[in-house]
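Colleague: What follows is a single structure, and I will ask about it in a moment.
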Amino acid sequence: MKRHILIFALTMFSSVLNAQSLNLIPYPQKVTELSSTFQVKKGAWLYSSNAGYKRELNYLNSELGSKGNNKQLLKIIVDPFIGKPGSYQLNTTAKKISITAADKAGVFNATITLLQLYRSAKSNGTYVTLPGLRITDEPRYEWRGFMLDESRHFFGKQTVKNLLNWMAFYKLNRFHWHLTDAQGWRVEIKKYPLLTKVGGIGNFTDSTATAQYYTQQDIKEIVAYAKRRNIEVVPEFDMPGHATAANKAYPQYSGGKVTGFDDFTFNPGKEITFQFVADVLKELKPLFPDGRIHIGGDEVFMGIKAWDNNQDVKALMTEKGFTDKQQAEAYFLKRVADTVTKLGYKVMCWDEAVAANLPVNNVIINWWRQNKPEALTQALSSGYQVILSPRLPMYFDFVQDSTHVSGRKWDGRYNTYLDVYHFPENSLTKDVYENKKVIGVQANLWTETVVTKNRLYYLVFPRMAALAESGWTIGDSKNDVLFNSSLKAHLDYYKAAGIYYYNPFNPTENIEAVDVKPKAGAQD
Ligand code: TNX
């Protein structure tokens, strides 16, 4: 009896040990190790006899640095019956590598697993020896997202592309791009050139900085770049609040002034505002062909007092019989959601919009206010699709270590990489995170305190690796020992790539990158 237990324990132990050396993040749902190995000639071009997967294989080969002098065959079969979208099986046996996937996303995910195996495999200079494996894998959530705020500070094409590369490496598939806010308008709109010429001037730390923004050509380039990496790009045009930069360019659409928040809102009482918004949305549509536009809807309360003195809003309220300003806010959001819907696109918005009673079928809600669980409950009970991105633990502008001084905290709480790794099981109940309407998770990087690339990377890495597991791996399969061991190998990848990361195992390796000194006494 005792012996049996011992053997069982040893087997478990050795399989964890082997799993550790695979260094896969996110870790696949099921891995069976074989005694055989598969040899890949270094630099060999991996190809398939099926021409339908060129995009996926080109990406794999470019990441492997393949030259194309030698060729090695990959067997790829796509079979929609093997599982949900994005799922795949990858076998590396002695004689061949084969991929069976539910769809193209599944083929892409399989190639990423292969890429990670290759990166951590042993090599003798001529051959890389891949371990023999049978992997059966599928994503936990369809939406595995990352948001970057480029209004508060602008980082530019190269940094965005780099983030997209790492997202792809972690099987993250949605890039939410916060392109408009109070501190800067960052996307060229041909019909309204002042949006970028004037609205693009300044940022959170320097209101006079030269205008920075993406031309429509830049946007197309980045969207195509993301597509090759299986990433959908969702632009955010934040309204009716956070609109200061647009109003600086076109004051005729402003909802008015109030101390501290001058021109923070659009004017819901003027028809020309809706025409302007519709024109902008119409130009955004072809730039972002994936079919979703985020219309913001957050924190309108911060500047809504201006509407008390606004004749147009007053007239609107009388005409519609509104008794409080929130009704005018809801009216604005409904009209804009309707415009997006008529363009044939899905509408996304922050969770405040749940109160606006937008049509359930075409709207996806980002739940961000962890201190308002009722907004999440209400979104789900109303039947909205929901993405979980609560400040705790999904805001990457929060600090990740008790000793860090720059970045947000919430009642003293902050977001360690393990908090991100264990989300959502550590924060929500099963009936919520297994609810079919919960389509995924997302981390958001707001950039009020982020000016330099080093700080950006310091906040993102290694939490992006943890985010990958949050979106992909079911709670029961999570294992800190396994994850930490793989993460150590990934820190070496960051180092080799010149990424300035936070090392949770050796916090003094890279000191905290601080761009904006916190105000004395400020915690939040
Ligand atoms: C809240 S999250 C905001 C952002 C800030 C962020 C800072 C959300 C929808 N609105 O405008 O940048 O907090 O953490």
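The values are calculated or read from the model by the stated rules, or taken from the named source; none is laboratory data. These numbers were taken from a predicted model, which means no experiment stands behind them. So basically every Cβ, Gly included, is an ideal-geometry build from the backbone, and we count neighbours across all protein chains shown. Heavy atoms of the whole protein, side chains included, go into the accessibility calculation; ligands, DNA and RNA do not. Shrake-Rupley method; radii C 1.70, N 1.55, O 1.52, S 1.80 Å.
Colleague: Quote to one decimal, in nm, the extra length available between Thr32 and Lys197 on full extension: 0.36 nm per residue of separation minus the C-alpha distance between them.
Modeller: Gain on stretching Thr32 to Lys197: 53.7 nm.
Colleague: Report the label-to-label distance for Asn165 and Phe505 in nanometres (one decimal), using points 7 Å from each Cα along the Cα→Cβ vector.
Modeller: 2.3
Colleague: Tell me which trypsin sites (Lys or Arg not before Pro) from region 78-178 have a DSSP coil assignment and no more than 12 other beta carbons within 10 Å of their own.
Modeller: Loop-located and lightly packed - Lys95, Lys96.
Colleague: For region 78-195, take every pair of Cα atoms, bin their distances at 10 Å starting from 0, and report each bin as a whole percent.
Modeller: 12, 30, 25, 18, 11, 3, 0
Colleague: Now for a different question. Subtract the Cα-Cα distance of Val516 and Asn309 from 0.36 nm times their separation in residues, and report this length gain in nm to one decimal.
Modeller: 71.0 nm
Colleague: Quick one, can you get me the convex hull of the C-alpha atoms of region 174-234 expressed as volume per residue in Å³?
Modeller: 85
Colleague: Along the Cα→Cβ direction, 7 angstrom out, place labels at Asn357 and Arg134. What is the inter-label distance in nm?
Modeller: With each label placed 7 Å out from Cα toward Cβ, I get 5.6 nm.
Colleague: Between 0 and 90 degrees, rounded to the nearest ten: what's the tilt of helix 2-22 against the longest Cα principal axis of the chain?
Modeller: The helix 2-22 is inclined about 60 degrees to the chain.
Colleague: Grab the Cα-Cα distance for Lys157 and Leu343, subtract it from 0.36 nm times how many residues apart they are, and report the gain in nm with one decimal.
Modeller: Contour length minus Cα-Cα distance gives 64.2 nm.
Colleague: At a threshold of 8 angstrom on Cα-Cα distance, excluding pairs fewer than six apart, so keeping six or more, what relative contact order does region 11-137 reach in percent?
Modeller: Numbers: 249 pairs, mean separation 43.7, N = 127.
Computed over region 11-137, the figure is 34 percent.
Colleague: Percent antiparallel among DSSP beta bridges with both residues in the chain, to the nearest 5?
Modeller: Of all bridge pairs located within the chain, approximately 35 percent are antiparallel.
Colleague: Looking at region 11-137, what % of its DSSP beta bridges pair antiparallel, to the nearest 5?
Modeller: Antiparallel bridges: around 70 percent, rounded to the nearest 5.
Colleague: I'd like to compare 457-469, 54-66: which one has the highest average count of other Cβ atoms within 10 Å, and what's the full order after that?
Modeller: Values: 457-469: 26.1, 54-66: 17.3.
The packing order, highest mean first, is 457-469, 54-66.
Colleague: In what order, largest first, do Asp79, Asp218, Asp137 sit by accessible area if the probe radius is 1.4 Å?
Modeller: Asp79, Asp218, Asp137
Colleague: Of Ala278, Val128, Ala337, which is farthest on the positive side of the dipole of the chain, counting Cα position, with +1 on Lys and Arg Cβ, -1 on Asp and Glu Cβ, and the Cα centre as origin?
Modeller: Projecting each Cα onto the dipole axis, the largest value belongs to Val128.
Colleague: Under a Cβ-only charge scheme (Lys and Arg +1, Asp and Glu -1), can you give me the dipole magnitude of the chain about the Cα centre, in debye to the nearest 20?
Modeller: The dipole of the chain has a size of about 1980 debye.
Colleague: For region 427-464 and region 137-186, compute the distance between their C-alpha centroids and round to whole Å.
Modeller: Taking the Cα centre of region 137-186 as reference, the centre of region 427-464 is 10 Å away.
Colleague: Still on this structure: Give, as a single signed number, the net charge of other residues whose beta carbon lies under 12 Å from the beta carbon of Asn310, with Lys and Arg counted +1 and Asp and Glu -1.
Modeller: Working: positive: Lys257, Lys270, Lys305, Lys314, Lys325; negative: Asp263, Asp308, Asp312.
Here the charged neighbours net out to +2.
Colleague: By what distance, in whole Å, do the Cα atoms of region 319-366 stretch along each of the three principal axes, largest value first?
Modeller: Computed over region 319-366, the largest-to-smallest principal extents equal 31, 21, 12 Å.
Colleague: Now for a separate question. Over the residues of the chain, compute the C-alpha Rg and express it relative to 2.2 N^0.38 Å.
Modeller: Values: Rg = 24.3 Å, N = 524, 2.2 N^0.38 = 23.8 Å.
After normalising by residue count via 2.2 N^0.38 Å, the value is 1.02.
Colleague: Right, here's the next one. Order the following by accessible area, largest value first: Thr377, Thr341, Thr93, Thr210. Probe radius 1.4 Å; ligands, DNA and RNA are ignored. Spell out each step's value before the answer.
Modeller: Working: Thr377 85, Thr341 55, Thr93 35, Thr210 115 Å².
Final ranking, largest accessible area leading: Thr210, Thr377, Thr341, Thr93.
Colleague: Quick one: plug the Kirkwood hydrodynamic radius of region 11-137 (C-alpha pairs) into Stokes-Einstein at 4 °C, 1.567 mPa s, and report D in µm²/s.
Modeller: This corresponds to a translational diffusion coefficient of 88 µm²/s.
Colleague: So what's the gap between the Cα centers of region 341-406 and region 24-69, to the nearest angstrom?
Modeller: Centre-to-centre (Cα) distance: 37 Å.
Colleague: Roughly how many nanometres apart are two label points built 7 Å out from the Cα toward the Cβ at Glu319 and Asn479?
Modeller: Once both label points are built, they end up 6.4 nm from each other.
Colleague: Let me ask another. What whole number of Å gives the distance from the Cα centroid of region 496-511 to the Cα centroid of region 226-259?
Modeller: Answer, in whole Å: 34.
Colleague: Can you work out the Karplus-derived ³J(HN,Hα) for every residue in region 208-218? Use 6.51 cos²θ - 1.76 cosθ + 1.60 with θ = phi - 60°, whole Hz, and x for glycine or proline.
Modeller: 10, 4, 3, 4, 10, 6, 9, 6, 4, 5, 4
Colleague: Before anything else, pin down the relative contact order of the chain: Cα pairs under 8 Å, at least 6 apart, normalised by residue count, whole percent. Can you show the working numbers first?
Modeller: Numbers: 1065 pairs, mean separation 70.6, N = 524.
Relative contact order comes out at 13 percent.
Colleague: In degrees between 0 and 90, to the nearest 10, how far off the longest principal axis of the chain does helix 373-382 point, with axes built from Cα atoms?
Modeller: Tilt relative to the chain: about 90 degrees.
Colleague: Place a +1 charge on the Cβ of each Lys and Arg in region 11-137 and a -1 charge on the Cβ of each Asp and Glu, then give the dipole magnitude about the Cα centre in debye, rounded to the nearest 20.
Modeller: Result for region 11-137 is approximately 380 debye, rounded to the nearest 20.
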